[in-house]
Structures are given as structure tokens and as C-alpha cells.
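Asks: My structure is below; once you've seen it, I'll send some questions.
The values are calculated or read from the model by the stated rules, or taken from the named source; none is laboratory data. Just so it is clear, the model here is predicted, and its values are computed rather than measured. Note that we place each Cβ from the backbone using ideal geometry, even for glycine, and neighbour counts take in every protein chain shown.
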Amino acid sequence: MTQQNTPQSSDWNLETLLVHGGRNKASNTGEGGQSTVLPIYASTTYTHENIEALDQAFSGKTQDGEPAYVYARQGNPNAYGFESAMAQIEGGVGAIAFGSGMAAIHAALLSAGLTSGTKIVVSRDLYGPTVTLLRKLFSTVGTQLVLADFCQPAIYDLLREEEPDVIYVETISNPLTRVVDLDAISAVAREIGAVTIVDSTFSTPYLTRPIEHGFDLVLHSATKYISGHGDSTGGIVISAKNTLFNQLRDYSNLLGAMLSPFEAHLMLRGLRTLALRVERQCSNALQVAHFLQQHPAVAHVHYPGLTSHPSHELASRLMDHEQFGALLSFELKDQSRDAVFRFINKLQLCLSATSLGDVFTLVSYPPISSHRTLQPKELQDMGISAGCIRLSVGIENANDIIKDLQQALDA
Ligand SMILES: Cc1ncc(COP(=O)(O)O)c(C=O)c1O
């Protein structure tokens with residue numbers, strides 16, 4: 001757990017922070033030298049010089065203000081390395097890592113004060129299990145849940161009317177890649193005193209850092225771009241405020257949903273190459289979007305990097321490096337499920353699998369995966385057609401991805 005940025009690296013650029021963030025949190029000085037990579041601390045419990053030092057360590061800090069560990073569920077050096085890197089990269093006062101993105105979402109909602117008698121307004125096209133979590137765990141105990149379209153100008157009046165305690169959005173929606181105006185939402189939230197939470201999984205800290213746009217809590221399913229290799233599951237919440245950070249730390253301990261040392265090691269390793277991977281993924285995604293746009297079997301492409309996308313201007317303002325993410329969706333002209341299944345079964349390089357942000361290009365069909373619990377009418381209201389296919393573009397050679405899509409579409 002961390003509460004402070006690393007002072008000597010405060011003037012580093014983002015790419016450098018990604019490579020070195022959290023490295024100097026290593027408590028690994030040994031007689032044989034200091035490792036460049038933090039070792040994996042498998043220990044569940046920690047001894048101290050004497051009982052007074054152990055007593056002090058229970059506060060989470062040594063007398064010198066350094067992190068202190070007593071029991072792995074309450075924090076471990078690997079998770080701390082990842083947390084301090086992420087806090088610094090996102091510009092927060094601190095961060096807490098969790099065993100999954102869903103665990104991070106649960107803790108963020110509790111830390112924001114969501115409980116019986118409170119109200120939350122959320123974007124209607126959130127990741128499905130987030131809405132299910134809100135319905136099953138919060139609505140049932142008396143939390144009022146309002147779903148709204150955050151891409152319509154009417155949203156600001158609705159927020160002023162509803163006066164929610166918490167506002168929850170995602171930077172880029174799934175699968176239509178609509179972008180929300182973080183600055184305008186946080187401005188209204190300040191007016192009405194609401195806590196703001198954003199799931200920034202799709203945009204990654206390389207493209208957008210929502211605390212700079214006034215948000216209180218930023219979270220990621222680190223399983224996706226941060227880990228990046230499809231081999232580890234985790235989540236992280238970064239807080240802009242000390243009060244919220246302290247709540248997060250308490251809930252992490254009580255829920256027991258902390259990130260294990262080995263997974264934290266993989267997350268930090270993934271973070272080192274985030275800029276390179278996302279840069280390549282975004283560049284590939286733009287080429288793929290242009291290819292799909294001109295293919296006769298494709299009716300429509302949803303990608304904020306295309307000037308025809310309704311969020312293009314907003315995305316240009318909110319996302320750095322003139323890049324627009326690596327997630328896109330497209331609709332086949334033949335809107336039948338059979339046509340989609342035939343297309344997916346023909347793919348040879350792109351993997352049909354339900355995740356995103358990996359080095360591999362992944363293809364998914366929302367009606368049977370992320371949006372499985374929705375009725376056809378609900379999908380239609382959200383603008384998701386039966387022929388809609390989602391692509392998470394990987395780091396392969398763009399020509400190979402396009403060739404694979406082309407042969408499957410032609411067939
Ligand atoms: C936007 C978003 N948030 C959160 C999650 C949940 O993350 P995890 O699977 O790590 O629990 C996902 C998973 O796909 C997601 O797409």
C-alpha cells in the first residue's frame with residue numbers, strides 16, 4: 001500500500017515511469033548486490049526486530065515512514081511495488097491492488113460510500129457484471145440504481161435532478177467504443193457533491209489519466225492491458241483523495257481480495273512494456289478499422305479513431321499521443337447470428353476468446369459473452385445489433401491481422 005509518490009522521479013515522463021515506477025520500493029538490499037527486479041515475496045507473515053517494531057508495523061509504516069508488513073492479506077512488497085507505480089502514473093495519492101477487476105470494482109463502490117439509502121447513477125452500457133454486482137449486492141440492500149446514457153447532453157440535467165451520491169462510468173464503452181466527457185461529468189459531480197468513479201480499463205493510463213480530469217477513483221481490470229499477456233488476473237483502484245484511499249485499504253483487508261505476490265510481480269512486469277504494446281495495438285487498430293470500413297461485407301465500424309465516429313472529437317481531446325485505443329467493433333451486413341458464427345469459425349490468427357488487451361488479437365461476440373444476460377430488446381435499445389463483432393487488436397503485424405479478417409469475411 002502506498003500513500004506517497006516517489007519524490008526523486010516526479011519529473012519523469014510517463015514512458016519512464018512505466019518502466020521504473022515502483023522499482024525503488026524494493027526492500028531487497030543484500031550482500032550480493034541489489035536486484036533490478038523486485039523478488040517475489042511468498043511469505044504470508046513477517047517478523048520484526050522486536051515486539052515494539054511489530055506493534056509499529058501493524059500501522060502499515062515503520063517509524064521512518066517506510067512500508068511495513070505483518071501479514072500478506074494486509075499488504076505485501078510485490079503488491080506495494082505495483083500500487084506505488086500505478087499511484088504515481090495515474091497521479092493519485094495512493095492505490096490498492098486486488099485479485100481481480102471485479103474485486104476492485106466492489107471495493108471502489110464500498111469506499112465511495114455506496115450503501116443502503118444512497119443513490120448511484122451509472123452509464124447504461126457498463127461491463128455487464130458491474131451492473132449485476134450493483135443489482136445483486138447493492139440494490140437488494142436499498143441502494144438506488146439509475147442507468148443513464150452518458151453520451152447524451154441531457155445527462156448533465158439528469159445528474160443535477162437525481163443528485164446521486166456516486167457517479168460511475170467507463171472511459172470507453174463496450175462494444176460501441178463511445179467515449180464519455182470526463183471533464184464535464186466531474187464538474188457536475190463537484191457541484192452536487194457526488195463521488196466519481198471511472199473504470200479506465202479500455203483506455204489505459206498511457207492514453208488517459210482520469211484524475212487529471214477531476215475524477216476521485218480510477219480503476220482497472222489489470223487482467224487486460226496492464227498485465228497484457230493473458231496470463232494473470234488482477235485489479236487496481238487509484239484514489240485522488242486520502243479519505244477514499246483509507247477506505248479502500250480497509251475494505252481490501254476486510255474483503256480479503258488482495259493481489260497475490262506472484263500476480264503482482266506479473267502486473268509490474270506487464271506495466272514495463274505498456275507504452276510499447278498500447279502504441280502498437282492502437283496503430284494496428286486504426287489500420288484494421290480502415291480496412292473493415294471498405295470491406296463490402298461490413299455495414300459499420302465503431303472506432304473512435306475514425307472521423308466518422310460520434311466520439312472522435314472528444315476522444316482526440318481526452319486521449320494522448322493522437323491514439324484512440326485498440327478496441328473496435330463492426331457490424332456485418334448479414335445481421336444473422338449464423339453469419340457471425342461462420343465468420344468467427346473461419347478465423348485462423350485472431351483468437352475467439354472473451355477478454356481484451358492481450359498481445360494476441362481477440363475476437364468476441366457480445367450477445368454470447370459480455371452482453372449475454374441482456375434481452376434482444378435491451379441490446380437493440382443500446383444500439384448493439386445481432387451482427388456486431390468486437391475486436392481487441394493485438395501487437396501482431398497489422399497486415400497479418402487484416403489478411404486473416406479478409407479471408408474470413410470473403411468466405
Ligand atoms: C471494462 C471491464 N471492467 C472490469 C472487468 C472485470 O475484470 P476482471 O475480469 O479482471 O475481474 C472487465 C472484464 O472483462 C471489463 O471488461
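Asks: Could you please find all residues in the stretch 312-371 being under 20 Å from residue 276 (Cα atoms) and among the charged types (D, E, K, R)?
Replies: Within the stretch 312-371, 320, 322, 358 meet the criteria.
Asks: From 266, 259, 276, grab the single residue that is within 15 Å of the ligand (Cβ to nearest atom) and out of contact with any Ser or Thr (no Cβ under 6 Å at 6 or more places or on another chain). If you could, list the steps in order and put the result at the bottom.
Replies: On the way: 266 fails: out of contact with any Ser or Thr (no Cβ under 6 Å at 6 or more places or on another chain); 276 fails: within 15 Å of the ligand (Cβ to nearest atom).
When all the criteria are applied, what remains is 259.
Asks: Go through the stretch 283-307 residue by residue and tally those that are out of contact with any helix residue (DSSP H, G or I) (no Cβ under 8 Å at 6 or more places or on another chain) and closer than 20 Å to residue 153 by Cβ. If you could, list the steps in order and put the result at the bottom.
Replies: Residues of the stretch 283-307 that are out of contact with any helix residue (DSSP H, G or I) (no Cβ under 8 Å at 6 or more places or on another chain), as a first pass: 285-286, 289-290, 293-294, 296, 299-300, 302, 307.
Cutting the leftovers down to closer than 20 Å to residue 153 by Cβ gives us none.
The total comes to 0.
Asks: Any idea how many residues of the stretch 212-225 are away from the ligand (no atom under 14 Å from the Cβ) and either surrounded by 24 or more Cβ atoms within 10 Å (Cβ to Cβ) or under 14 Å from residue 325 (Cα atoms) (or both)?
Replies: Result for the stretch 212-225: 2.
Asks: For a quick check of your reading: which helices (runs of 4 or more DSSP H) sit entirely within the stretch 43-156 and have at least 1 residues that are away from the ligand (no atom under 16 Å from the Cβ) and buried (at least 18 other Cβ atoms within 10 Å of the Cβ)? If you could, list the steps in order and put the result at the bottom.
Replies: Details: elements: 51-57, 77-90, 101-111, 128-133.
Once the helices (runs of 4 or more DSSP H) in the stretch 43-156 are filtered for at least 1 residues that are away from the ligand (no atom under 16 Å from the Cβ) and buried (at least 18 other Cβ atoms within 10 Å of the Cβ), what remains is 51-57, 77-90, 101-111.
Asks: Which of (1) assigned by TED's automatic domain parsing to the domain that holds residue 403; (2) crowded, with 24+ Cβ neighbours inside 10 Å is the odd one out, the single condition residue 199 does not satisfy?
Replies: (1)
Asks: Among the residues in the stretch 167-190, are any at positive phi and within 17 Å of the chain's Cα centre (by Cα)? Step through it out loud before you land on a result.
Replies: Initial filter on the stretch 167-190 (at positive phi): 177.
Still in the running and within 17 Å of the chain's Cα centre (by Cα): 177.
Within the stretch 167-190, one or more residues are at positive phi and within 17 Å of the chain's Cα centre (by Cα).
Asks: Condition (residue is among the charged types (D, E, K, R), in the same structural domain as residue 263 (by TED's automatic domain parsing), in a loop (DSSP other than H, G, I, E, B) and within 16 Å of the ligand (Cβ to nearest atom)) applied to the stretch 226-233: is it met by at least one residue? Reasoning before the result, please.
Replies: Taking the stretch 226-233 first, the residues among the charged types (D, E, K, R) are 231.
Keeping just the survivors that are in the same structural domain as residue 263 (by TED's automatic domain parsing) gives 231.
The next check asks that each one be in a loop (DSSP other than H, G, I, E, B); those that pass are 231.
Going one step further and asking which of them are within 16 Å of the ligand (Cβ to nearest atom), we end up with 231.
Within the stretch 226-233, one or more residues are among the charged types (D, E, K, R), in the same structural domain as residue 263 (by TED's automatic domain parsing), in a loop (DSSP other than H, G, I, E, B) and within 16 Å of the ligand (Cβ to nearest atom).
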